[in-house]
Amino acid sequence: MASVTLEHVKKIYDKNVVAVHDFNLEIKDKEFVVFVGPSGCGKSTTLRMIAGLEDISDGILKIDDRVVNDVEPKDRDIAMVFQNYALYPHITVYENLAFSLRLRKMDKEEIHRRVIQAADILGITEYLGRKPKALSGGQRQRVAIGRAIVRNAKVFLMDEPLSNLDAKLRNQMRAEIILLRKRVNTTFVYVTHDQTEAMTLGDRIVVMKDGYIQQVGTPQEVFDTPVNLFVAGFIGSPQMNFLKAHLVKEDSGYAVELLGSKIALNEDQNQVLAQKGIGSKDIILGVRPEHTTVLFDSTQNAIECTIDVNEMMGSELHLHLSSKNGDRIIVRLPTVDLTKEQRSSLAYGNKLYITFPAKVVHLFDPETEASLING
C-alpha cells in the first residue's frame, strides 16, 4: 500500500489557463480521500495528474517517498476506475478482468485466482461469461472496479464512477464501495461532484473551487465548521441558509441582530470573536435547514415568515419560506410529531415563525466570505 503526497502542484494549460493552483495534500496509507466540488474546479485534473494521464506543470508528486512526476502511468502501481467504465465490448467480463494481467505476462493460474477473487468480492461471478453489452450500468461499473482490484495496486483512483447510474443504484453502489474498501484496504482517491458521496465515503474530503483547495477535513469537520461561504453552501442538502445580519459587540458579549430578532452568542463564540478583535459590523449569518426550529405561534425573538412551497419528503417536510425583507429560507421539519391541525396550517401563503439557538449559527464576513469563527 502507499501514501500519496502533492507538494505545490500546479496544472497550466495553453494560453496560461491555470486549472489547478498550488495544490498541497498528504494522503496517508490506506486512507480514503474524496475530492469534491462543482464541475471545472480541478478535481479530475488533479486525479489525472496522480495517475500520470496529465503532465504536472509545477510541483512534486510522490507515491510513498518516490517522486513520480516523470514516471509512466503503467509504472506508478496505480489502478484507475473511469466514469464511462472503459470496458472492452468485444470480450467477456472474465477477459476484461484478466486483460491487464495478461499484458504483464502473469502466470495463468494466478490470473484465474485474482479474477475469481475479484468477481466474488463484487458479486459478479455469474456474469464472467457475458460481454459488457449484456450487463446493466451497475454491473458494468462492478466490472470496471474489478479490473482495478485484480491489479493489487498501491493506490486506487476513481473518477466519478457512479455519475452514470440512477439515484437508487448510486445509493446501492456507494454502500458497496464502503464494503469494498474494508475488504481491499488500500489507498483510495475518489473524485465526485456529489457532496452526499463525499460525506458518506471519505475519511477526509477535499473541497475545491476554481482550482484551489477551499478546505480539507473529515466529513463531520467540514459540515460542522466550514471555513467560508462556499464550503458552507456546497456541503449539506438542502444547502445552508444565508441571511443578512448585523453583529453587535456589547459589554455583556456579542449578539446577532436580524429580521427584528436578537441572538446572544455563546461563550465559545464570544471568546473567538474577542480574540480576533472583531467589532460591530454587518455579517452574513448561516444556519442549516435541519437546525432551524419551526414555531406555529409568535414568541419573543422568533422570525415571522411566509410559506412559499411545501415539499413532502416522507419523514420530513422541506418548507421554502420568505422573510419580511425577502430573504429565502429553507427549513427541514420532521413530520412524526406534527398534529393534523399543524399539517393543515402549512399551506402556501400562511404565516409561521422560526428560531435557532446560537450554537448552530455560522458567521461570515460579507467581503472576504471567510468564517469569523472557524479557521
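Which of the GluC sites (Glu not before Pro) found in the stretch 318-375 are in a DSSP loop and have at most 13 neighbouring Cβ atoms, other than their own, within 10 Å?
Filter output for the stretch 318-375: Glu367.
Using θ = phi - 60° and the Karplus form 6.51 cos²θ - 1.76 cosθ + 1.60, what ³J(HN,Hα) does each residue of the stretch 306-313 get, whole Hz, x for Gly and Pro?
10, 7, 9, 9, 10, 9, 7, 10
Applying 1/(1 + (r/R0)^6) with R0 = 30 Å to the Cβ-Cβ distance of Lys182 and Val360, what FRET efficiency is obtained, to the nearest 0.05?
0.35
When the helix-only estimate is applied to the chain (DSSP H runs of n ≥ 4, each -39,500 (n - 2.57), divided by the residue count), what is the mean residue ellipticity at 222 nm, nearest 500 deg cm²/dmol?
One gets -7500 deg cm²/dmol as the mean residue ellipticity at 222 nm.
Given H placed on each backbone N at 1.01 Å, which residues far from Gln214 in sequence or on other chains put an amide H within less than 5 Å of it?
The list, which skips near neighbours in sequence, is Val207, Met208, Lys209.
Considering all alpha-carbon pairs of the stretch 239-364, what whole percent are spaced by more than 24 angstrom?
30 percent
Long-range amide H contacts for Leu363: which residues qualify at under 5 Å (H placed 1.01 Å from N, peptide plane, sequence gap of 5 or more or a different chain)?
Gly286, Leu372, Ile373
Mind listing P(r) for the stretch 4-233? All alpha-carbon pairs, 5 Å bins, whole percents.
For the stretch 4-233, the binned pair fractions read 1, 7, 14, 18, 19, 16, 12, 8, 4, 1, 0, 0 percent.
Which of the trypsin sites (Lys or Arg not before Pro) found in the stretch 4-68 are in a DSSP loop and have at most 16 neighbouring Cβ atoms, other than their own, within 10 Å?
The qualifying sites are Lys28, Lys30.
If the only charges are +1 at each Lys and Arg Cβ and -1 at each Asp and Glu Cβ, what is the size of the charge dipole of the stretch 239-364 around the Cα centre, to the nearest 20 debye?
220 debye
If I model a spin label at Glu341 and Asn266 as a point 7 Å from the Cα along the Cα→Cβ vector, what separation in nanometres do I get?
About 3.3 nm separates the two model spin labels.
From Cα pairs below 8 angstrom and at least 6 apart in sequence, can you work out the relative contact order of the chain, rounded to a whole percent?
Relative contact order comes out at 15 percent.
Suppose every K and R has +1 on its Cβ and every D and E has -1 on its Cβ; what is the size of the dipole of the chain about the Cα centre, in Debye to the nearest 20?
The calculated dipole for the chain is roughly 1500 debye.
Could you give the dipole magnitude of the stretch 317-375 about its Cα centre, charging the beta-carbon of Lys and Arg +1 and that of Asp and Glu -1, in debye to the nearest 20?
Roughly 380 debye for the stretch 317-375.
Looking at the chain, what % of its DSSP beta bridges pair antiparallel, to the nearest 5?
75 percent
Quick note: the coordinates plus some simple rules give every number you see, no bench work behind them. As the structure is a prediction and not an experimental result, all values here were calculated from the model. Neighbour counts run over all protein chains shown; Cβ positions are idealised from the backbone, glycine included.
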